[in-house]
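Readers should treat all values here as calculations from the given coordinates under stated rules, not as data from a laboratory. Please read all numbers here as calculations on a predicted model, not as lab measurements. In this analysis, Cβ positions are derived from the backbone assuming ideal geometry, glycine residues included, and neighbour counts consider all displayed protein chains.
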């Protein structure tokens, strides 16, 4: 049985609430400070939009936040006076405009990317400018402790190289080549990194550096990197496919990384292609990974190209016309395309971005992927899909680690210096 609302208009006129009071109660706004609360919320919306994009014109801010042009103009002026943002003249569509970016000294973020054979660290500011970046070889499989020691040293060295005070660091983004339990920060599978069994890289690095650390797997960070800086810009739904020692996908849905409740969303490498195929490290047979990952693909060419062949070298030889390498690259593309077709049927992304060394093969691998998608995906999903190579190459994951901090950090610290005592800008 439905309950009726109390009659708020009954009783003597002096006891009746005003229409404005009724409207405020209906909207859940009851305190005298509600205008200040709305103003603060609008400030945060503008700061977050600029923080995620790097820089935006005021018109772009209005479209992104759905605030009025007048409100955006007032807020930008306030943030500029408070030293939170910098405003520079620019042009948009042939017209003069004002580009808004977070102040260069508002803070810095650090990205740390562990690959199976490398450690890469980048330092950037909140305006999306990379200030320092370095890569060094590292056998990540050997020991989590050794990897963290090297990361601690490299982070410290790069921060010092920027000349920026360490207390300006607002957070560290950390990527590892394996599934991460999003609740605990622990590595979800020891089959990929046996030397990291029981490790919690988030807590370990946070204890070493005394800073907030945000952790995710390399495929998700690759997706974030391409979404913010690369081939995924302007797209709300995409999948980033990385083929390396394993095969993974970073999934972006409505502009946000989708991880699943256990952090294992995107394990496209374990889609079954052939129940009688090779045994996968996960224990199943014929997983996509067993037809595409380096550890399974490169041995096909060892007799003709030697045991030291790498995925990078195979792709380079394929581009030079080597028939054996071109055949293997094409076969890998067809198999990856089968996995992408499954993603299309389930999630209907508008774009798939191929990362890792395989992306350097260009159309040699992209055309077979597109052919498989056209054959196995629902036609309506296939028609809406574009398949592109990543624009960031091997930097996608470390830039994604920077983007992870930018997406997870709060805005309270950034707004501490903003002037919030003026007239609230209402929409």
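Relative contact order (percent) for segment 37-103, with alpha-carbon contacts under 8 angstrom and 6 or more residues of separation?
On the way: 78 pairs, mean separation 23.0, N = 67.
Here the relative contact order equals 34 percent.
Sort 256, 270 by Cβ crowding within 10 Å, fewest neighbours at the top. Kindly include the intermediate steps, with their values, before the conclusion.
Working: 256 12, 270 19.
So the residues, fewest neighbours to most, are 256, 270.
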Original post:
Which entry in (1) 78, 57, 44; (2) 70, 49, 40; (3) 93, 60, 51 matches Cα extents along the principal axes in Å derived from the coordinates of this structure?
Top reply: (3)
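Quick one: order 86, 160 by neighbouring beta-carbon count within 10 Å, fewest to most.
Numbers: 86 17, 160 12.
Least crowded to most crowded, the residues run 160, 86.
Dividing the Cα radius of gyration by the Kirkwood radius, what Rg/Rh value follows for segment 37-103? Don't skip to the answer; put the middle values down first.
Details: Rg = 10.9 Å, Rh = 11.6 Å.
With Rh from the inverse mean 1/r over Cα pairs, Rg/Rh is 0.93.
Using the scaling law 2.2 N^0.38 Å as the reference, what is the normalised Cα Rg of segment 233-391?
Segment 233-391 yields a ratio of 1.01.
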Original post:
If you wrap a convex hull around the Cα atoms of segment 350-397, how much volume per residue is inside, in Å³?
Top reply: 69
Subject >> Computed helical MRE - 222 nm, the chain, DSSP H runs ≥ 4 contributing -39500 (n - 2.57), nearest 500 >> reply: -12000 deg cm²/dmol
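Counting only C-alpha contacts under 8 Å and six or more residues apart, can you give the relative contact order of the chain as a whole percent? Mind dumping the intermediate values first?
Numbers: 810 pairs, mean separation 71.7, N = 427.
Once normalised by length, the contact order is 17 percent.
What does the C-alpha gyration tensor say about the overall shape of segment 277-335? Classify as rounded when a/c is under 1.5, otherwise prolate if a/b is larger than b/c, or oblate. Present the calculation step by step, with values, prior to reporting the outcome.
On the way: a/c = 2.61, a/b = 1.78, b/c = 1.47.
Note, shape of segment 277-335 comes out prolate.
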**OP:** Compare 248, 198, 93 in a GNM of the chain, Cα atoms joined below 10 Å, and give the one with the largest fluctuation.
**Re:** 93
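Provide, as a two-decimal number, the C-alpha radius of gyration of segment 64-201 over 2.2 N^0.38 Å, N being how many residues it has.
Working: Rg = 19.8 Å, N = 138, 2.2 N^0.38 = 14.3 Å.
Taking N as the residue count of segment 64-201, the ratio is 1.39.
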Original post:
For 60, 397, what ranking results if the residue with the fewest other Cβ atoms within 10 Å of its Cβ goes first?
Top reply: 60, 397
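If contacts are Cα pairs under 8 angstrom and at least 6 residues apart, what is the relative contact order of segment 233-391 in percent? If you can, show how the numbers build up before the last one.
Numbers: 284 pairs, mean separation 35.4, N = 159.
Averaging sequence separation for qualifying contacts and normalising by length gives 22 percent for segment 233-391.
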Original post:
Most fluctuating residue of 403, 70, 199 in a GNM of the chain with Cα springs under 10 Å: which is it?
Top reply: 70
**OP:** Rank 92, 401, 106 by mean-square fluctuation in a GNM of the chain with C-alpha springs under 10 angstrom and give only the top-ranked residue.
**Re:** 92
